[in-house]
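Report on the following structure.
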Amino acid sequence: MPPVHEVNGQQISTNIPIGDWFNQRGGTADLGKSNISAGRITYVLADQGRPLYPQHNNAQPRISIAYAPKADGGLSKFLFGGPGKTSIRAGFGMYYDEIGQPLASTINATAFGLATTLSNPANVLDSTQVPRFTGFNTVPSSLLPAAPKGGFPATYPDNFAITNSIDDKLKAPYTMNMNLSVGREFNHGFFVQVSYVGRLSRHSLMQRDLAMPTNLRDPKSQQTYFDAMSQLATLLDFQGVSVANLPKIPFFENLWSTAAGGGFSATQAVAKDYQERSNPGDFTNVLNDMDNIQACSQTGSTFSAAGKITKLGCGVLGPNSMWSPQFSALSAWSSLGSGSYHAMQWTIRKRLGSGLTFDLNYSLGKSIDLASRSEASANFSGDFLINSWDPHQLRAVSRYDVRHAVNALGLWQIPVGRGKAFGSHMNRALDAIVGGWEISATYRQTSGLPTSVGDGSRWATNWELSSFAQPNGTAQQSISSIHNTPGTGGGPNLYVDPKSAVGAFREALAGETGSRNTLRGDGFFNIDTALSKRFTMPWSEKQNLQFRWESYNLTNTVMLDPASASLSLTATSTFGRLSTQLGSPRQMEFALRFNF
């Protein structure tokens, strides 16, 4: 599978593999060095750099085997039923995805250099820092970044931009499908089969932020930014410690000693910025104030006359020691995803005989992955890595994981009427009333579908992505998906007492992804039926009139989609409220059909 390319050479590449640039940022941070030492991203024409991704030459082996025991006597006949009654089958196959065209379209939408729109840096100025009005025809120069010179190579400007890219070392995503089944035929048309079914996905495409702030390590104390900010948040938000009583946290005291001033230690100055200039849990906004060249002060922290902090001092490594000056968020498709599905599946089937046939199927399975969407989602992409430095924080059951699933279908031709077991010789007039009836039905039921509690309008770990909430150890309420909940304005809700349910979760701390897909709401339940009657025409047995009465969701059972629940820590008034039904309300159809 060769990489997709633009035939006229109008395609760009980064000067170094962008995934290597990300790894260099992480490596320098772990050594206590500034993000600046990883260098800046420069774009070159692809024929001077690399293709969109490497050429993929992939073998796709498939192997299968089937065996039918002779079982012509003794114990083998008892177990396997005799010759041709039992089959044992196994198979394995690898299957690769085609990825070129969608990726080419994605990278083309934001490719730098040919027709690029540059905007002022994102969310780094507050009302005290924005340029002042000087005239209708005078635009402050700080609001308009300088236009880069044309041609290649072209270095992306220090614009703290939110944009997209692609990891040009992508590997081809593939799955490994496995199965083993044993099926046996019994008397009277019955067949029973038990199977193991497995599916493993590797190198699945998912998005990560290659420009997210680094987890800088303090060489003196070995404390990292994530550790230090989490310690600070725990003291302030969970233990109620005042700023004045905060102990000195080594990371801030050593690497942000310039933030001290106005009678406050460096730790206290950072804490004041968090409390006065950020929402609870918005640690990346504090980090922006600490490290972004447009937001931090290289000469130390500044305070207003009332003692409020107006600007934090930059760190001892200088500005942009953890942020990229070029990008505040650089989402890139990477082949980091993986998943696994394992299931035991049972089937009991009766072939049509004596007017009766049915299938009954049961599956006990589990699906785990790093990223996925629910089956009903129209978005092909999955979850976005919140902490690019620790992808496995996102590992959990899939959005579509169903632990138990049962389905059945059946058809019964009622054995009454001419030529049937009962009333085979009745006259045509009576047969027109009691004969020719048929009943069919399908049934489906699953265990609950997973969903997550969001951290709300907070950005604990990533500038552009909010984390999931984290269980705090308090006993959680059982989920009942009830229709009218006191105290929430009525309507369907996951909880009997939504206000108390919020208290079982806390905000994510710095570096945390939170808890993904830990709640289970309703699953599917549905019964569809059909009742039909066939009238044979008195002038010809080759012509008949069929009447059908079909019912969908016969029991009119309401199951509610847990993915539609309002589950944000900042939406306490609507917490748990559900808005979408799984399936449809009961519907009935009536039909007449003439066959000739």
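Just so it is clear, none of the values below were taken in a lab; they were calculated from the coordinates. All of these numbers come straight from a predicted model, not from anything done at the bench. Every residue, glycine among them, receives a Cβ derived from its backbone with ideal geometry; neighbour counts consider all protein chains shown.
Structure values in brief
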| read-out | value |
| --- | --- |
| Whichever lysines have a C-alpha closer than 16 Å to that of K70, once near sequence neighbours (fewer than 8 apart) are set aside | K85 |
| Region 169-217 and region 396-446: distance between their alpha carbon centers, rounded to Å | 35 Å |
| Tensor-based shape of region 225-321 (alpha-carbon gyration tensor, a/c under 1.5 rounded, otherwise prolate or oblate) | rounded |
| Qualifying trypsin sites (Lys or Arg not before Pro) in region 210-251, DSSP loop, other Cβ atoms within 10 Å at most 15 | K220, K248 |
| Centre separation in Å (Cα based) which lies between region 225-299 and region 28-63 | 35 Å |
| Magnitude of the charge dipole, region 225-321, Cβ model with Lys/Arg +1 and Asp/Glu -1, debye to 20 | 240 debye |
| Beta bridge orientation in the chain: antiparallel %, DSSP, nearest 5 | 95 percent |
| Relative contact order %, the chain, counting alpha carbon pairs below 8 Å whose residues are six or more apart | 11 percent |
| Computed magnitude of the charge dipole of the chain (debye, nearest 20; Cβ of K, R +1, Cβ of D, E -1) | 2060 debye |
| Computed magnitude of the charge dipole of region 350-595 (debye, nearest 20; Cβ of K, R +1, Cβ of D, E -1) | 980 debye |
| Computed FRET value (nearest 0.05) for R593 with I65, which takes r as the C-beta separation and R₀ as 51 Å | 0.65 |
| Packing-based order for 525-533, 222-230, 565-573, using average beta carbon neighbours within 10 Å, highest first | 222-230, 565-573, 525-533 |
| Charge dipole of the chain about the Cα centre (unit charges at C-beta), most positive-ward option of S204, L531, V270 | L531 |
| Candidate aspartates and glutamates - alpha carbon under 17 Å from K542, same-chain residues fewer than 8 apart omitted | D431 |
| Convex hull volume of the chain per residue (C-alpha atoms, cubic angstrom) | 262 Å³ |
| Under-5 Å amide H pairs with G300, H placed in peptide plane, nonlocal only | C314 |
| Contour excess over end-to-end distance, with Cα ends at W549 and V7 and 0.36 nm allotted per residue | 189.2 nm |
| Those lysines that a straight Cα-Cα span of less than 30 Å connects to K33, excepting residues fewer than 8 apart in one chain | K169, K220, K248, K272, K311 |
| Listed residues S500, P585, V558: farthest to the positive end of the dipole of region 480-596 (Cβ charges) | P585 |
